[in-house]
Number of protein chains: 2
Amino acid sequence: MGEQTLRILGIDPGSLVTGFGVVERVGSAVHHVAHGTLRPPRTEGLASRLAFIHRGLSEVVASYEPELVVVEKAFVGSNPRTALALGQARGAALAVLGAAGLTIDELTPQEIKRAVAGTGGADKSQVQKMVKRLLGLDTEPAEDAADALAAAICRGHVGRLAGLARGPRPRGRRPRSEYVVRRAR
Amino acid sequence: MGEQTLRILGIDPGSLVTGFGVVERVGSAVHHVAHGTLRPPRTEGLASRLAFIHRGLSEVVASYEPELVVVEKAFVGSNPRTALALGQARGAALAVLGAAGLTIDELTPQEIKRAVAGTGGADKSQVQKMVKRLLGLDTEPAEDAADALAAAICRGHVGRLAGLARGPRPRGRRPRSEYVVRRAR
């Protein structure tokens, strides 16, 4: 009688670095499975760099067979050139997920930060620290991988988080027991 | 002693419609090979639509084995949301070309229109008419396919066009003989 498991992939696409993180929800616990970053060689042309993202993410999907994917909702800002560059990286990444028939959730950076660090205004370094702690990692993941893991963790706890959002916001750090996490075997 | 041939693929990526056109340069002539549009089902989710573009263009590249690719340079405008959506379609498309190791030229819409219609301010319908005429087609291609064919034609004549750009601009319609085109067998 094993517990229900759900394999979740988080992605943080970017034109320079695309972070990914895989976690597994087992019952009410979230385990770390894998994480990393895809960094297309800057010396290559645009199409080649986009192919690098597409190929790398295809390998991640084939290796870890996620059932759900969470992607950070694009923050477009006010610069159309930046939005185009981000869009291109997202397009190369999301095409992989569509081809694999995967269901995608989009969460805002604020939702993701609030879920792991207790506040939507948490900075990169706070997210890295909390992800390391929640998943019982030996070292902090790189920024973009930490963001991707945070997105996956957020989705792993989405039922619980929805409950929290309705209740009173706890002050300061949440009790450890709210996120029961264990390291991957 | 056959003439040197060069197979050129033109692409006009878009989030709703992606046009493609294939021509072959044989000596100083440009032949039509194929053209069409990729229209992802609007009822599908974003990732699935991007996968549709990626898969469709992969089939085009596998079928027609182009040696060169010309892509319309993105006109980003002032709206970051529009730029993001265009970027995503371009990312899904360009990843295919990068994976195939293809060389990509980017040309502005103005350069392309000037090449086929004599003026950078030509409208969609003028481009369709001129592409039909230059390639000896029976019917006008759809707008996005016409733009893609125009980009490919433009690249097929790039040496000649560079020469034209240096000389005096001819008034009105260019003589037919400047673009020797024949229909594909």
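The values are calculated or read from the model by the stated rules, or taken from the named source; none is laboratory data. None of these values were measured; they are calculated from a predicted model. Cβ placement follows ideal geometry from the backbone for every residue including glycine, while neighbour counts extend to all protein chains displayed. When the accessible area is computed, the model is the full protein with side chains, heavy atoms only, and any ligands, DNA or RNA have been set aside. Shrake-Rupley method; radii C 1.70, N 1.55, O 1.52, S 1.80 Å.
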Inset, instruction - Mind listing whichever residues of segment A:105-124 are open to solvent by 40 Å² or more (accessible area, probe 1.4 Å) and more than 15 Å from the chain's Cα centre (by Cα)? - result: A:T119, A:G121, A:D123
Legend entry - Qualifying residues in segment B:105-133 (those that are β-branched (V, I, T) and not in a helix (DSSP H, G or I)) - the one farthest from the other protein chains (Cβ to nearest Cβ): B:T119
Inset, instruction - Looking only at segment B:29-38, decide whether some residue is farther than 30 Å from B:E3 by Cα, within 14 Å of chain A (Cβ to nearest Cβ) and open to solvent by 60 Å² or more (accessible area, probe 1.4 Å). - result: no
Legend entry - Whichever residue in segment B:63-73 is open to solvent by 20 Å² or more (accessible area, probe 1.4 Å) and under 15 Å from B:G14 (Cβ atoms) and, among such residues, is farthest from the other protein chains (Cβ to nearest Cβ): B:E72
Inset, instruction - Just give me the residues in segment B:17-28 being surrounded by fewer than 22 Cβ atoms within 10 Å (Cβ to Cβ) and either within 14 Å of another protein chain (Cβ to nearest Cβ) or outside any loop (DSSP other than H, G, I, E, B) (or both), in sequence order. - result: B:E24, B:V26
Inset, instruction - Scan segment B:163-177 and give yes if some residue there is in a loop (DSSP other than H, G, I, E, B), open to solvent by 30 Å² or more (accessible area, probe 1.4 Å), modelled with pLDDT of 95 or more and out of contact with any Ser or Thr (no Cβ under 8 Å at 6 or more places or on another chain), otherwise no. - result: no
Inset, instruction - For residues that are among the aliphatic types (A, V, I, L, M) and either surrounded by 17 or more Cβ atoms within 10 Å (Cβ to Cβ) or within 14 Å of chain B (Cβ to nearest Cβ) (or both), scanning just segment A:39-62, find the one that is farthest from A:G98 (Cα to Cα). - result: A:L46
Inset, instruction - Name every residue in segment A:41-60 that is in contact with a strand residue (DSSP E or B) (Cβ under 7 Å, 6 or more places away or on another chain), touching a residue at least 12 places away in the same chain (Cβ under 8 Å) and farther than 14 Å from A:V17 by Cα, in order of residue number. - result: A:V60
Legend entry - Any hit, segment B:45-63, residues being more than 14 Å from B:I153 (Cα to Cα) and of a type in the set (D, E): yes
Inset, instruction - Determine whether segment A:82-104 contains at least one residue that is closer than 16 Å to A:I11 by Cβ, more than 14 Å from chain B (Cβ to nearest Cβ) and surrounded by fewer than 18 Cβ atoms within 10 Å (Cβ to Cβ). - result: no
Inset, instruction - Provide a single number: the residues in segment A:56-102 that are on the phi < 0 side of the Ramachandran plot and not in a helix (DSSP H, G or I). - result: 15
